[in-house]
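The values are calculated or read from the model by the stated rules, or taken from the named source; none is laboratory data. No experiment lies behind these values; they were computed from the predicted model shown. For neighbour counting, all protein chains shown are included, and Cβ atoms are generated from backbone atoms with ideal geometry for every residue, glycine included. To get the accessible areas, we keep the full protein, side chains included, count just its heavy atoms, and leave off ligands, DNA and RNA. Shrake-Rupley method; radii C 1.70, N 1.55, O 1.52, S 1.80 Å.
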Amino acid sequence: MVLLSGSRPLLRFLLPGALVLATAGSASAQFNATLLDNFNQVSSSYADIWGDGQFAYVGRFGQNQVDIVNMSNPSNLSLASTWNVPNPDGAASAQDVKGNADLMFVSLESADPNGVQILDVRVPGSPQFLTNIDAEPGFFEQIHNTYFKDDWLYIVNSADPTIALIDLTSYDINSPPASITGWDYQLTGVGNTFVHDITVQNGVLFAAAWDSIQMYDVSNLASSAPTFLGQTLGLNTHAVWGTDDGAYLVLAEERQGGSLRLYSVVDNGSSITLVPRDSYVSDTSFSSHNPVIVGDRVYSSFYSDGVIVLEIDRTTHTWEVVAQYDTSTAAPTGFAGAWGVYPLIGEDRVLISDMQNGVYTVDFSAVQISFAAARPQILAPFTDEPITVELTGIGASVVDPSTVALNVSVDGGGTQVFPMSNIGGNQWQADLPGSLCGAELEYWVSVDDLSGATFFDPATAPAKRHRAFVATGLTTVFADNFNGNTGWSVSNSGGLSTGAWERGDPNQAAGQPESGDPDGTVSCFFTDQGPVGGSAGANDIDGGSTTLTSPALNFSAGDGLITYSEWYFNNLVDDTFVVEISNNGSTWVNVKSLVTKAGGWVRQTVRVSDYVTPTANVRIRFTAEDQGAGSITEAAIDEVTASVFECDPAASTVVRNGTAVNALGYQAVTEPVLGQSWQTTVDIATPGALASVVSIGL
């Protein structure tokens, strides 16, 4: 069969004001949202930010004040009032606040017994003190954070690993107690150091305990105490937040090179398992800080990087950056810049607090593009594959229905644009075109909103694209879950002291997985076994590099795929994880070089012919190193599979109706138009035909 194609100029989630350059096969994007206003009190050092209705509540780091900011017009912020913490707590830092339409909770953190204040904010311009909570949940009352959910108040102590739970179901705002001196439940031993932050979602308390995430069942506090559900280790685990449906959890780590980590949440009934998925580290920020999730969009403040927005891809359990607004003027060297973000009032008025530069309202309006089902990896030859997406305008964005398109490139050729049709509600559909066996289809979705802003999925398309391969099937020529020895080799550079690749079941540490790919088996290849309960840097890679090389993978029958699960962690972002491929075992071609990662099992796919000619001696190798400033570096590999594309001639012989001399042998996928791309298929297997010819006359 013959596939003929031409090309045409290429005209998920760019933001209003973003720059879009369209050329044949290329585009660039500036991921900046629209600033609405910036408010800054003289000598303020703004910390945590929360909001409700038309008002923002902003604590001050190291200062005994809370500002209530009127944002009824997000483009014209103004001060409604300032709450000055009275003596004897006047020296306390009022840095963390939570609020709703009636109450504001102010956490008072200092070495003195301060606790939590409850204020009446029904009149935001005149907040009224109601109650002081001095119930000591530990040895001190250095209260760094509170969380209010379903009339229960959760208080964490930043001096020891304790959490106090206080029932406010009967709390009367019109006749409040002057003080609360006890708690209903107390959790102790929450991690080994102290508790920094908490959230409560779907009846589960998630605690960032600095060295770990701790989880408790709080679904029935009226009649039963919290019960422990599980933990996972981390490094400077600062803050956590989950998706509304409980499918994913995000952790922010506050440290140099501090990352965001993405977990799948698995409810086992009496326990919860957090499955480490993707991670994100900014190359230009000192650390992540506070995440909040809306839908599948993760809004996180970053020291020296403002707010970065990532969107979760549920097909691959990964995420990508879709937007950013940088408020910071601080150098990326310490704890300065954006502290908090609050997107829950609306994406057209997202609140950001910056320690040096005040309060910002930013318009992150966009069209969210999500796939209605898992995207296919393998497509049947010459068979159209329907692709369905859900389009949701967030903030002020409204979908322009005339612009929804599926963009497709076959084997790196020109872009074909297929308009997508509305099939009901917010769902849109178009077909990936049937293509020749062995082909690779790259595709992305594009849509404008009514303001003319363009959005893509993937967000950086066409630079990044979704991929699918055409075959009648895959023949597995190699599969390894590392439960046994299949011939992998390890080589180390001179000077390597610890961290060489080894096979087995790893002991969990902050930088190392608890086991192999959770979608496979517990065994994997990983960089040296640390002791049970050991530190993050115990037996990590030190002093050199270590390389893991596969046995020969037989691709003599033709092209195919190598898939594997990858884990990489580097806390200082100064070393590189390198993946290479060879078809002779002596010369190597770079597949990827990875620097910025903080763990998580991510599935990767490599088409052999993209890098080398397929042979019977294809190999893949993985090199991890610690050559820089003595970082904590860990790597792991699992679930490696090599598969050859099947192209069954019988399955590829299709009778096609069209308009030609031999109507059975020809079908025009699109009618040829001068100056536009055109694709056609010629089938030489039509009974009785010796050949088929397509003639185009001008």
Inset, instruction - Hey, can you tell me all the residues within region 317-355 that are closer than 21 Å to residue 60 by Cβ, out of contact with any strand residue (DSSP E or B) (no Cβ under 7 Å at 6 or more places or on another chain) and not β-branched (Val, Ile, Thr)? - result: 334
Legend entry - Scan of region 252-292 for residues that are among the hydrophobic types (A, V, I, L, M, F, W, C) and part of a loop (DSSP other than H, G, I, E, B), ordered by number: 281, 286
Inset, instruction - For residue 213, state whether it is touching a strand residue (DSSP E or B) at 6+ places or on another chain (Cβ under 9 Å), of a type in the set (Val, Ile, Thr) and at pLDDT below 95. - result: no
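One line per residue, one yes/no per condition, for (1) hydrophobic (A, V, I, L, M, F, W, C); (2) closer than 20 Å to residue 197 by Cα; (3) open to solvent by 10 Å² or more (accessible area, probe 1.4 Å):
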{"site": "228", "(1), (2), (3)": "yes, yes, yes"}
{"site": "245", "(1), (2), (3)": "no, no, yes"}
{"site": "260", "(1), (2), (3)": "yes, yes, no"}
{"site": "271", "(1), (2), (3)": "no, no, yes"}
{"site": "288", "(1), (2), (3)": "no, yes, no"}
{"site": "291", "(1), (2), (3)": "no, yes, no"}
{"site": "296", "(1), (2), (3)": "no, no, yes"}
{"site": "300", "(1), (2), (3)": "no, yes, no"}
Legend entry - Residue in region 508-545 that is most open to solvent (accessible area, probe 1.4 Å), counting only those that are acidic (Asp, Glu), in a loop (DSSP other than H, G, I, E, B) and closer than 14 Å to residue 626 by Cβ: 528
Inset, instruction - Test residue 24 against the stated conditions and say whether it is of a type in the set (A, V, I, L, M) and modelled with pLDDT under 80. - result: yes
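Every residue, every condition in (1) more than 12 Å from residue 388 (Cα to Cα); (2) assigned to a loop (DSSP other than H, G, I, E, B); (3) touching a Leu at 6+ places or on another chain (Cβ under 6 Å); (4) of a type in the set (Phe, Trp, Tyr), yes or no:
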| position | (1), (2), (3), (4) |
| --- | --- |
| 417 | yes, no, no, no |
| 431 | no, no, no, no |
| 451 | yes, yes, no, no |
| 456 | yes, no, no, yes |
| 476 | yes, no, no, no |
| 479 | yes, no, no, no |
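Among the residues of region 573-591, is any among the aromatic types (Phe, Trp, Tyr), open to solvent by less than 10 Å² (accessible area, probe 1.4 Å) and either in a strand (DSSP E or B) or at negative phi (or both)?
Initially, region 573-591 is screened for residues among the aromatic types (Phe, Trp, Tyr), giving 577, 588.
Now narrow it down to the ones that are open to solvent by less than 10 Å² (accessible area, probe 1.4 Å): 577.
Cutting the leftovers down to either in a strand (DSSP E or B) or at negative phi (or both) gives us 577.
Checking region 573-591: at least one residue is among the aromatic types (Phe, Trp, Tyr), open to solvent by less than 10 Å² (accessible area, probe 1.4 Å) and either in a strand (DSSP E or B) or at negative phi (or both).
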Inset, instruction - Provide a single number: the residues in region 68-110 that are within 32 Å of the chain's Cα centre (by Cα) and acidic (Asp, Glu). - result: 2
Inset, instruction - State whether one or more residues within region 361-374 are surrounded by fewer than 16 Cβ atoms within 10 Å (Cβ to Cβ), at negative phi and in contact with a Ser or Thr (Cβ under 6 Å, 6 or more places away or on another chain). - result: yes
Legend entry - Only one of 284, 333, 316, 388 that is within 17 Å of the chain's Cα centre (by Cα), over 22 Å from residue 206 (Cβ atoms) and open to solvent by 10 Å² or more (accessible area, probe 1.4 Å): 316
Legend entry - Failed item, numbered, when residue 107 is tested on (1) in a loop (DSSP other than H, G, I, E, B); (2) touching a strand residue (DSSP E or B) at 6+ places or on another chain (Cβ under 6 Å); (3) over 15 Å from residue 353 (Cα atoms); (4) not hydrophobic (A, V, I, L, M, F, W, C): (1)
Inset, instruction - Could you grab the pairs with beta carbons closer than 6 Å, sequence gap of 6+ or different chains, first residue in region 408-422 and closer than 16 Å to residue 448 by Cβ, second one not in a strand (DSSP E or B)? - result: 420/404
Inset, instruction - Could you tell me whether residue 159 is under 22 Å from residue 252 (Cα atoms) and either touching a Pro at 6+ places or on another chain (Cβ under 7 Å) or open to solvent by 50 Å² or more (accessible area, probe 1.4 Å) (or both)? - result: no
Inset, instruction - Could you please give the count of residues in region 546-572 that are closer than 16 Å to residue 479 by Cα and either open to solvent by 10 Å² or more (accessible area, probe 1.4 Å) or within 20 Å of the chain's Cα centre (by Cα) (or both)? - result: 8
Legend entry - Hits in region 592-639 (condition: aliphatic (A, V, I, L, M), assigned to a loop (DSSP other than H, G, I, E, B) and modelled with pLDDT under 95): 595, 629, 632
